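This is the structure, below, for whatever I ask next.
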Amino acid sequence: MNIHNAKIAISAVKPNQYPKMGVPEFAFAGRSNVGKSSLINKILNRKSLARVSGVPGKTITINFYDIDETIFLVDLPGYGYAKRSRSDIKDWGDMIESYLTNRPQLKTIFLLVDSRHEPTKDDVMMLEWIRTVRYGEPVIVIATKTDKLNKSEIEPNLTRIYEKLSLTEDDVLVPFSTKGDEGKETVWDMINMLLSE
Ligand SMILES: Nc1nc2c(ncn2[C@@H]2O[C@H](COP(=O)(O)OP(=O)(O)OP(=O)(O)O)[C@@H](O)[C@H]2O)c(=O)[nH]1
Ligand SMILES: [Mg+2]
């Protein structure tokens, strides 16, 4: 797979817009502003393929990135963005749910949480929901923005995430940062492992 051959395939809001190509898909979920779009750019060595912003709520569609016609990386709109109306939140829920529950080629859902903070109620709910729809599969959680922590904070913060999300030894918790390469190889290793299953 040539990761330099990456392009946006489509920004979808409803199922009939999802790509027809049946290649394996890997989705990135998490709170708004947690760093989903940044992670996609980072692992592809791209500056701005996926739109990133300091303003939460940047990604409002399901964005499918076509990597060498071999896999799709799927950037999901973030949750927990306070300035959304109730009907927008419902639309968000319907959109995410219809994708995450009706997509045979979806290989896994990576859940991103901010390494600096205790996982939010929404994070816990999202993880529980992922456990239900992906019953029996290990959960993969990515703790983002580790560069914003002191060295001494990393372990305790990871432990807090592990405990708050009730992770088990079958699950995976990956520290990740866009400043430097932390986590990048691990994410690719997991994608490649799931591809070879
Ligand atoms: N220091 C640091 N900043 C990061 C990191 N990852 C993301 N950011 C910053 O966090 C902000 C939000 O990043 P995005 O990638 O847009 O977050 P998102 O999860 O896609 O957000 P939505 O599209 O709103 O759901 C941006 O200002 C990024 O530059 C990281 O590892 N380290
Ligand atoms: Mg985004």
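Be a star and scan segment 89-123 for residues whose amide nitrogen sits under 18 Å from the point 7 Å along the Cα-to-Cβ vector of residue 186.
Flagged as within label range: 108-119.
Among 110-120, 27-37, 94-104, what's the highest-first ranking by average C-beta atoms within 10 angstrom per residue? Numbers along the way, then the final one.
On the way: 110-120: 20.6, 27-37: 24.3, 94-104: 14.5.
For the peptides 110-120, 27-37, 94-104, the packing ranking is 27-37, 110-120, 94-104.
For residue 148, give me every one of the lysines with a C-alpha distance below 24 angstrom, ignoring sequence neighbours fewer than eight places off in its own chain.
36, 42, 47, 58, 121, 164, 179, 184
OK, next. Give me, ordered by chain and number, the residues 5 or more places off residue 79 or on other chains with an amide H under 5 Å from its own placed amide H.
30, 31, 32
Would you grab the residues whose amide H sits under 5 Å from the one on residue 12? Only those 5+ places off in sequence or on another chain, please, with H modelled 1.01 Å from N.
Result for residue 12 returns 62, 63, 64.
Rounded if a/c is under 1.5, else prolate if a/b beats b/c, else oblate: with a ≥ b ≥ c from the C-alpha gyration tensor eigenvalues square-rooted, which is segment 15-100?
Oblate is the answer for segment 15-100, as a/c is 1.5 or above yet b/c matches or exceeds a/b.
Further, regarding this structure: How much net charge surrounds residue 65 when only the other residues with a Cβ under 12 Å from the Cβ of residue 65 are counted, with Lys and Arg +1 and Asp and Glu -1?
-1
So what is the calculated 222 nm ellipticity per residue for the chain, using -39500 (n - 2.57) for each DSSP H run with n of 4 or more, over all residues, to the nearest 500 deg cm²/dmol? Write down the numbers at each step before the final one.
Working: 5 runs with 64 residues, N = 197.
The helix contribution divided over the chain gives -10500 deg cm²/dmol.
While we're on this one: Out of residues 5 or more away from residue 114 or on other chains, whose amide H comes under 5 Å of its own, with H placed 1.01 Å from N in the peptide plane?
144
Ok, one more. For segment 96-141, treating each Cα as an identical point scatterer without solvent, what Debye log10 I(q)/I(0) comes out at q = 0.17 1/Å?
Log10 of I(q)/I(0), two decimals: -0.51.
Among DSSP bridges having both ends in the chain, what percentage is antiparallel? Round to the nearest 5.
DSSP beta bridges in the chain are roughly 35 percent antiparallel.
Since every read-out is calculated from the coordinates, none of them should be taken as a lab result. Since the model is a prediction, treat every value here as computed from it, not as a measurement. Here Cβ is always computed from backbone atoms with ideal geometry, including for glycine, and neighbour counts include all displayed protein chains.
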